[in-house]
Amino acid sequence: MIRKYIALLRMKYIEMLAYRLATFVWMTGAITQPLITMFVWMNIHPEESESFLFYFMAVIFVERMTSAWDVWELDREIREGTFSNLLLRPVHPIHWAIAENIVYKWLFAVILAPVWLVGAVFWPPLRPHMTAGQAVLFLAAVVLGAALRFLLSYSCGLLAFWVTKVAAVYGVIDVISLFLSGRIAPLEMLPPALREWSEWLPFRYMISFPIEIATGAADGGELARGFAVAAGWMAVFVAGVQWLWKAGMRKNQAVGG
Amino acid sequence: MRRYGRVFREFFRACLVEELEYRSEFFGNFIASFFGLGIALLTIHIFFYQTDRLGGWTYGEVLVLLGVFNTLRGWIDFALRPNMPRLLEHVRRGTLDYILTKPVDSMFYVSFRHLVFWRLIDVALGLGVIGYGLYVERYVPSAADVLMFFVVMTASLLLIYSLWMMLMTTSFWVVRIDDLSFIFDSFFDTARFPGSMYRGAVRFVITYVLPAVLITNTPALALLGKWSMAAVLAALAVAMLFLWVARRFWRFALRFYTGAGG
Amino acid sequence: MIRVSHLHKSFRVHRRDAGWLEAVRHLWRRDYRVIEAVKDVSFTIEKGEIVGFLGPNGAGKTTTMKMLAGLLHPTSGEITVGGFVPFEQKREFKKMMSLVMGQKSQLIWDIPPMETFLVNKAIYDIDDRSFRQTLEELTELLDLAPLLDKPTRSLSLGQRMRCELAAALLHRPHVLFLDEPTIGLDVHTQENVRRFIVDYNREHETTILLTSHYMGDVAALCDRVMIINYGRLIYDGDLSVLTEKLAPYKRLEVRFSRLPNVDWSEYGEVAEIEEGTIVLRVARETAAETAARLLERFDVRDINIEDPPLEEVIARAFWEEHV
């Protein structure tokens, strides 16, 4: 299995290199939105500007490290029939998606980590103040967040077996995620009602939770509870993907690609 | 000029018929527009939960700005965005030749051939939000305000068209990027909010280097009675300038494409 | 190797009429009709055979092939390929078979074919030595050496097809399904591909099932053909037998210095008349004799006796319900 992954990773890496320019263009979009939001908050609470600077830099980083576009890939592959190609091989198609995700997250890390580092040299507010333990937990939370977002994206992609406008469905979910994951506002700035929702829905654990660990906002009991809820959602999503896959295969084999 | 009016009407009619074929989509699109606007309003609400001024603008004023933004974006999605990927395809496949041999100005054709009607809902909703913002603000625009608003909106539309056209024209060279409109979206996104919100070096960039904020802020300010003749004339002048540049650029690209001269 | 018995496949297609009202009605009540794509098809293919699968568009060829590859679940009936039941999609099944679709490529677009080969090597668990051997063999047979390191998108259609075949054969499948493999290729490449398939089959005894619109493919590769029409198998047997049954005639192409004014029905059925040339359809048994008579009686510049073109034979089959 390891050998297969190495082969897939290598292939996805080379493929990614062919799309360097396009990837760069996509990244600019992922950066401008959080930056604009940051300026809004800096205007609302100028006294907290420094913590906003750190927060939104972290949002950019964590968002990229957890980003998943499998919903569009799957939608296209199923619609165009190229998904059959993957089904003919003795490897589950999800591994191709996982390999692609790993390659791109590696790319984003390689680009963003130095940027953050250099930024931290010039602007002290950007410096993280984490203990080694916190750093480890932060990384664990990021990985968990990436897995959650991937599974959600893949599940929605599998809906393409039944629904034609899967992108629209995911669009709605993504918009909800904007609010409840902390991308529009740090969660503590949200009206209480929304904050309640964010505790129990999976979106917080995709972006905000790792950042809360990094800023020290979440510790002790809060930390444990956070991981527990995230793990719970993980189990739900894994079961969801498995169920959708089986149902999708049945549908696909009845109607054909 | 009248001829182009007729041609545009034909595009309008053809695309409308095409879209009415997919009547079931219409409903879904309607909902999508409402949803999109609802989210934007919710976002503003969240911001104003914590404050009552954004860059010096009040809640009502920011609503007017949002309305202007939505309206302009509706126009972009109605006329400009649908044509971008098509131009890319034409260039890639070489089918641009068909267009060049038609007795219509190619830049006009390439910009307006495909229109997405349901996006006009965004325009309508945007105007609605402008109205709502004025209501919240308890401000009734004077006749001069409205006139200036239209003038400046026209300037903004022309400016957007020019910028968009220039971006489209780059597809002659940058054939590998699937979605150039992404660049414009990122740029235009900065225009959601008042320019006065930004500070320091960023404010400088936003105002003089990538002045997207002027595109939305100026019309909003005009309608709110905060216009100056100088600003209005400047807006018009800038729009005209960019239109001219866009046209030159298009001509240049065509010469490149057809292999004629330098 | 391949056993198919009483295979049925029907699809439920949602029927929707145009119009506003219909669209709304469609939301809560679904009308559908049943399309029977494959009806009671049975056949057996032994190891090492190359069988052609012919039929007009929509006849059920691709549907049958997809069921054999495991992509579609039959409505009823049994299929075994190499002892496996295809739609169970077992890993071992996938490792012993390969499907090449003329219009859908498995090569990754932006990177060289070699990279796709390496991925296949890993996915199919091919060990280093077998991989090297197979790659060498395929590179030589298909003349791939200059192509392997160029991105797939920069290759011509013919070059891509050759790489596609190589990618499909790296794991030495026992069964190869080819769906329109030579579509869109120039004549030269078509011949190369055909020659390759024949040589490969002879060398490795791979069982090959191929669908094609090109009679050249069929004539060059298949001793046995199956004809499917309206979902039913209407013929399964030798190509030569088919020709005899359906088109028991020969084509006599005769060129005169000046076309004589004569009642040609005395000699045969007129297929074509052109300036100075006439093509007659003559019963096989009497073809030679008729030719001799023509040569004797008229001033003949040139004469040609041919088998009917395969297109005609097959086209006639499509008109039949049963051959």
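The values are calculated or read from the model by the stated rules, or taken from the named source; none is laboratory data. Small disclaimer: the values here were computed from a predicted structure and weren't measured. Cβ: placed from backbone, ideal geometry, glycine included. Neighbour counts: every protein chain shown.
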Quiz item: Can we say B:Gly5 is crowded, with 19+ Cβ neighbours inside 10 Å, assigned to a helix (DSSP H, G or I) and among the small types (Gly, Ala, Ser)?
Solution: no
Quiz item: When only residues in segment B:178-195 that are surrounded by fewer than 18 Cβ atoms within 10 Å (Cβ to Cβ) and in a loop (DSSP other than H, G, I, E, B) count, which is modelled with the highest pLDDT?
Solution: B:Asp179
Self-check item: Any chance A:Val142 is in a helix (DSSP H, G or I), of a type in the set (A, V, I, L, M, F, W, C) and surrounded by fewer than 16 Cβ atoms within 10 Å (Cβ to Cβ)
Solution: no
Self-check item: Hits in segment A:71-87 (condition: acidic (Asp, Glu) and closer than 14 Å to A:Gly248 by Cβ)
Solution: A:Asp75, A:Glu77
Quiz item: Got a sec? Which helices (runs of 4 or more DSSP H) wholly within segment C:228-323 have at least 2 residues that are within 27 Å of the chain's Cα centre (by Cα) and closer than 30 Å to C:His8 by Cα?
Solution: C:239-246, C:310-319
Self-check item: Pair list, Cβ < 6 Å and 6+ apart or interchain, from segment C:106-132 residues that are acidic (Asp, Glu) to residues that are in a helix (DSSP H, G or I)
Solution: C:Asp110/A:Glu15; C:Asp110/A:Ala18; C:Glu115/A:Met11; C:Glu115/A:Ile14
Practice problem: Restrict the check to segment C:100-109 and report whether at least one residue is on the phi < 0 side of the Ramachandran plot, in contact with a helix residue (DSSP H, G or I) (Cβ under 7 Å, 6 or more places away or on another chain) and small (Gly, Ala, Ser). | Solution: yes
Quiz item: So which residues in segment A:209-250 are assigned to a loop (DSSP other than H, G, I, E, B) and not aliphatic (A, V, I, L, M)?
Solution: A:Gly216, A:Asp219, A:Gly220
Exercise. From (1) touching a Phe, Trp or Tyr at 6+ places or on another chain (Cβ under 6 Å); (2) outside any helix (DSSP H, G or I), pick out the condition that doesn't hold for B:Gly225.
Key: (1)
Practice problem: Output the qualifying pairs, or none if there are none: Cβ atoms under 6 angstrom, residues six or more apart or on different chains, first residue in segment C:226-247 and under 17 Å from C:Met65 (Cβ atoms), second residue modelled with pLDDT of 80 or more and of a type in the set (Lys, Arg). | Solution: C:Ile228/C:Lys61; C:Gly231/C:Lys39; C:Arg232/C:Lys39
Exercise. Mind listing whichever residues of segment C:230-272 are among the small types (Gly, Ala, Ser) and surrounded by 14 or more Cβ atoms within 10 Å (Cβ to Cβ)?
Key: C:Gly231, C:Gly237, C:Ala247, C:Gly268, C:Ala271
Quiz item: With respect to B:Phe48, is the statement that it is at the interface with chain A (Cβ under 10 Å from one of its Cβ atoms) and assigned to a helix (DSSP H, G or I) true?
Solution: yes
Quiz prompt | Looking only at segment C:77-92, and only at residues there that are touching a strand residue (DSSP E or B) at 6+ places or on another chain (Cβ under 9 Å) and of a type in the set (Asp, Glu), the one that is nearest to the other protein chains (Cβ to nearest Cβ) | solution = C:Glu92
Practice problem: Report yes if some residue within segment C:63-76 is more than 8 Å from chain A (Cβ to nearest Cβ), modelled with pLDDT of 85 or more and assigned to a strand (DSSP E or B); otherwise report no. | Solution: yes
Quiz prompt | Unmet requirement for B:Val202, which otherwise passes all of (1) surrounded by fewer than 21 Cβ atoms within 10 Å (Cβ to Cβ); (2) more than 10 Å from every other protein chain (Cβ to nearest Cβ) | solution = (2)
Practice problem: Taking only segment A:1-23 into account, find how many residues are at the interface with chain C (Cβ under 8 Å from one of its Cβ atoms), part of a helix (DSSP H, G or I) and surrounded by 15 or more Cβ atoms within 10 Å (Cβ to Cβ). | Solution: 8
Quiz prompt | Residues being of a type outside the set (Ser, Thr, Tyr) and within 10 Å of another protein chain (Cβ to nearest Cβ) - total across segment A:39-60 | solution = 8
Quiz item: In segment A:87-128, how many are farther than 14 Å from A:Met57 by Cα and either buried (at least 17 other Cβ atoms within 10 Å of the Cβ) or in contact with a Leu (Cβ under 7 Å, 6 or more places away or on another chain) (or both)?
Solution: 19
